[in-house]
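Structure first, commentary second.
The values are calculated or read from the model by the stated rules, or taken from the named source; none is laboratory data. Owing to the predicted nature of the structure, the values given are computational and were not obtained by experimental measurement. Reconstructed Cβ throughout: ideal geometry from the backbone, glycine too, with neighbour counts over all protein chains shown.
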Amino acid sequence: MTSASTERANITTSAKSQVANTLATAETVLEVSGLETVFHTQDGDVHAVNNVSFSLQQGELLGIVGESGSGKSVTMMSLLKLLPMPPAEIVAGSVKFDNRDLLQLDLESLRDVRGGDIGFIFQDPMTSLNPVFTVGFQIMEPLRAHMKLNKRQARARAVELLELVGIPSAEERLRDFPHQFSGGMRQRVMIAIALACDPKVLIADEPTTALDVTVQAQIIEIVKDLRQKLGMAIIWITHDLGVVAGIADRVAVMYGGQIVEYADVDELYSDPRHPYTRALLQTLPRQEGEREQRLISIPGQAPNLKGPLTSCPFAPRCSAVFDKCHSANPPLFTIGDRQKSACWLEESNG
Amino acid sequence: MLNYTIRRLFLAIPTLLFISLVIFFIVKLSPSDPTANLPLTIPPEVREKIRESLGVNQPLLVQFGLWLKQLMISEPLYWTNQYFGTEFEVGQRIISYQTRSPVMDIVIQRMPQTLWVVGTAYLVGILIALPIGIFSAYRQYSIFDQAGTFVSMIGFSVPPFFSGVLVIVIFSVQLGWLPSIYDTTHIVDSWDSFVIQFKQMIMPVMVLALQTTAQISRFLRASMLDNLNQDYVRTARAKGLSEKIVVLVHVLRNSMIPVITVIALGVPTIFGGAIITEQVFKVNGLGQLLIISIQAGDVPTVQTLTFMFAVLIVLFNLVADVLYGLLDPRIRYD
């Protein structure tokens, strides 16, 4: 744990400000606004994503944090309509990518975007690869579908990709099946698949959660390295605040299916505005000072998302709660030019 | 894989010996008399002579040993002589009590009918089952799926002696479209005779195929449903592959692994014939042979037929295991 966290902390400030400078001028590649996804279940509708808006600049790494069930993954799956529909339904919103609204595209054009312009990495590398096909076959599939490469070209590119993600003797390993790879190696294969067609955006859905800590650190290193080499924008979903601090430019904190705080990574850690973000940061175990008797946790449970939100979803667990929190759901208030928070405490600022 | 196969084949020998012994004693337990079907005018002394000549008065173990010797030595030598023109000394072959002709000759006469009717039914059943299984899983709880479930339920629960007679009543008696009896002497040598052959095969084949379809389509549906929710399916979709490739390449390949086993294990039943259906449509195949041999107390025929089925079952168990290893790279036998 220690080696990984120190590594994450070791990002130099100069590198960060460089990224910030490029961001100011970079163009927006992905713009999500007012996204709402509902699951129609037998016990009623579950509002998993509520009015989520964010944008992604070229080359930016956006971290999405939140606890389980906060709607992080569902939001990202909604972008490419990867959710099983039904039960899921995207009821509102738009996803602007390449001057098109992905939600309005027909399935045929959407498939060109999936795996072509937008790559996806999933949480569990143990089950995300098809066990009966060779790794080579699975890497070559998107290459042949999107880039219309022939078998030999696809093969050459697959070798290139495996070398890019740091798999030794790539040529031979193409013939191996997923069960012949370790967890970290499989996640590298997943990354190779996601990067196969030079995507503009890479969505990584908790790519390190299922891996042990040393392998986590390796995967994070690879992604950081590839980002520098290839210059794509990345959305990194995680519930590990430490990971986000190390790699993200901007962070969106999700709770109850909505973004409750959206800020540059420095602001978020130095001056968290939303009570949920503050509570989250407090739960992180400290490395210095007196050791706590018990790990700190946020009391209460994640909200039940049946029915639309009519009050602040965090109100029952919030330490700073007051009357207004129970009567209306706060919108995202803008604080300064780089931070937003969905809390009634910020009403006067916004 | 080859080592494994050879090892399994050797292990099959004691298994089969044991099976044949059990079959022999079970058949012998029934108090049947091979001369019981002979005319009543035959005096008891003559009957005794006949029993003597058939060897039924000898101790059971001697009878078993004799049968084993005939099966393992005489029969293979006889067929070697037949096919390769060699001139080995062939001892007594296995003789049917009923017809006094060699059992193997009868089996070979009846094999084609069974293979044609039951084998075709099995193939047709599988070919119908595959698309039904795939589509009902892909559109779970759709009207198509509900209809498939209903038809499978009928296939599972309605026995062929009912469905067989039912289709005869409808298509032969009422409508007069199809012949009710399968004519095994019919020779196909022209288009017209082919049409007749086709018509007489329709009913027995469909009655049998209904059962196969019901079974295989249910298995495939369940297996597809298991796989459709797997993470690798989401990965395949996220790669931008078409639904056709996702379902028919990624999901189907995984779903076929358990289904292939079921299909392979069903093959011996083709050779076993469909005892009841063959009876209903008067197809004189192996299933019917088994029934009349049991009724006549024809021990050598029953013994030999059941042993053949046992060999096929053991063999196709091995085939299923080998196929499993070929289809699933995670399974290696060495």
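So that you can scan it fast, the table gives a plain yes or no per residue for (1) in contact with a helix residue (DSSP H, G or I) (Cβ under 9 Å, 6 or more places away or on another chain); (2) surrounded by fewer than 18 Cβ atoms within 10 Å (Cβ to Cβ); (3) modelled with pLDDT under 85; (4) assigned to a helix (DSSP H, G or I):
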{"residue": "A:Arg227", "(1), (2), (3), (4)": "yes, no, yes, yes"}
{"residue": "A:Ile235", "(1), (2), (3), (4)": "yes, no, no, no"}
{"residue": "A:Met254", "(1), (2), (3), (4)": "yes, no, no, no"}
{"residue": "A:Glu261", "(1), (2), (3), (4)": "yes, no, no, no"}
{"residue": "A:Pro272", "(1), (2), (3), (4)": "yes, no, yes, no"}
{"residue": "A:Gln282", "(1), (2), (3), (4)": "no, yes, yes, yes"}
{"residue": "A:Glu290", "(1), (2), (3), (4)": "no, yes, yes, no"}
Problem - Single match in B:Val158, B:Val195, B:Val169 (criterion: within 21 Å of the chain's Cα centre (by Cα) and of a type outside the set (Asp, Glu)) - result: B:Val158
Practice task
Looking only at the stretch B:26-55, count how many residues are in contact with a helix residue (DSSP H, G or I) (Cβ under 7 Å, 6 or more places away or on another chain) and under 18 Å from B:Pro102 (Cβ atoms).
Solution key: 2
Problem - Matching residues, the stretch B:1-54, being β-branched (Val, Ile, Thr) and more than 20 Å from B:Phe309 (Cβ to Cβ) - result: B:Thr5, B:Ile6, B:Thr35, B:Thr41, B:Ile42, B:Val46, B:Ile50
Completion exercise
Inside the stretch A:74-99, the number of residues satisfying the requirement of being closer than 17 Å to A:Cys197 by Cβ and surrounded by fewer than 17 Cβ atoms within 10 Å (Cβ to Cβ) is 1
Handout entry: Given (1) surrounded by fewer than 18 Cβ atoms within 10 Å (Cβ to Cβ); (2) within 30 Å of A:Ser128 (Cα to Cα); (3) among the aliphatic types (A, V, I, L, M), number of the condition B:Ile187 does not satisfy
Key = (2)
Exercise for the section: Starting from the stretch A:101-129, keep only residues that are facing chain B (nearest Cβ under 9 Å) and under 19 Å from A:Cys197 (Cα atoms), then list their pairs with residues that are of a type in the set (Ser, Thr, Tyr) and surrounded by 23 or more Cβ atoms within 10 Å (Cβ to Cβ) whose Cβ atoms are within a distance under 6 Å, requiring at least 6 positions of separation or different chains. Expected result: A:Phe122/A:Ser128; A:Ser128/B:Thr235
Fill in the blank from the handout: Log entry, pairs with first residue in the stretch B:196-211 being of a type in the set (Phe, Trp, Tyr), second being buried (at least 24 other Cβ atoms within 10 Å of the Cβ), beta carbons closer than 9 Å, six or more apart or on different chains, reads none
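Here is a yes/no grid of residues against (1) in a helix (DSSP H, G or I); (2) among the polar types (S, T, N, Q):
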| position | (1), (2) |
| --- | --- |
| B:Thr41 | no, yes |
| B:Glu45 | yes, no |
| B:Lys49 | yes, no |
| B:Ser53 | yes, yes |
| B:Val56 | no, no |
| B:Leu68 | yes, no |
| B:Leu71 | yes, no |
| B:Glu75 | yes, no |
| B:Trp79 | yes, no |
Problem - Candidate set: the stretch B:244-266, residues that are within 8 Å of another protein chain (Cβ to nearest Cβ) and not aliphatic (A, V, I, L, M); chosen: the one surrounded by the most Cβ atoms within 10 Å (Cβ to Cβ) - result: B:His250
Practice task
Considering each residue of the stretch B:69-99, count those that are of a type in the set (A, V, I, L, M) and within 29 Å of B:Ala36 (Cβ to Cβ), and give that number.
Solution key: 3
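If the requirement is being under 22 Å from B:Val246 (Cβ atoms), at the interface with chain B (Cβ under 10 Å from one of its Cβ atoms) and among the small types (Gly, Ala, Ser), which of these qualifies: A:Ala145, A:Ala158?
Only one candidate passes the filter, namely A:Ala145.
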Handout entry: Single residue of the stretch B:214-236 satisfying the filter (crowded, with 23+ Cβ neighbours inside 10 Å and free of Cβ contacts under 8 Å to residues at least 40 places away in the same chain) that is farthest from the other protein chains (Cβ to nearest Cβ)
Key = B:Ala236
Problem - Conditions (1) buried (at least 22 other Cβ atoms within 10 Å of the Cβ); (2) farther than 15 Å from A:Ser70 by Cβ; (3) of a type in the set (D, E, K, R); number of the one not met by A:Glu267 - result: (1)
Problem - Residues satisfying the stated conditions in the stretch B:66-110, i.e. closer than 14 Å to B:Val299 by Cα and touching a Leu at 6+ places or on another chain (Cβ under 7 Å) - result: B:Ile94, B:Tyr97
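Take A:Lys200 and decide whether it is away from chain B (no Cβ under 12 Å), at negative phi and in contact with a strand residue (DSSP E or B) (Cβ under 8 Å, 6 or more places away or on another chain). Can you show your working first?
On the way: away from chain B (no Cβ under 12 Å): yes; at negative phi: yes; in contact with a strand residue (DSSP E or B) (Cβ under 8 Å, 6 or more places away or on another chain): yes.
Judged against the criteria, A:Lys200 is a match.
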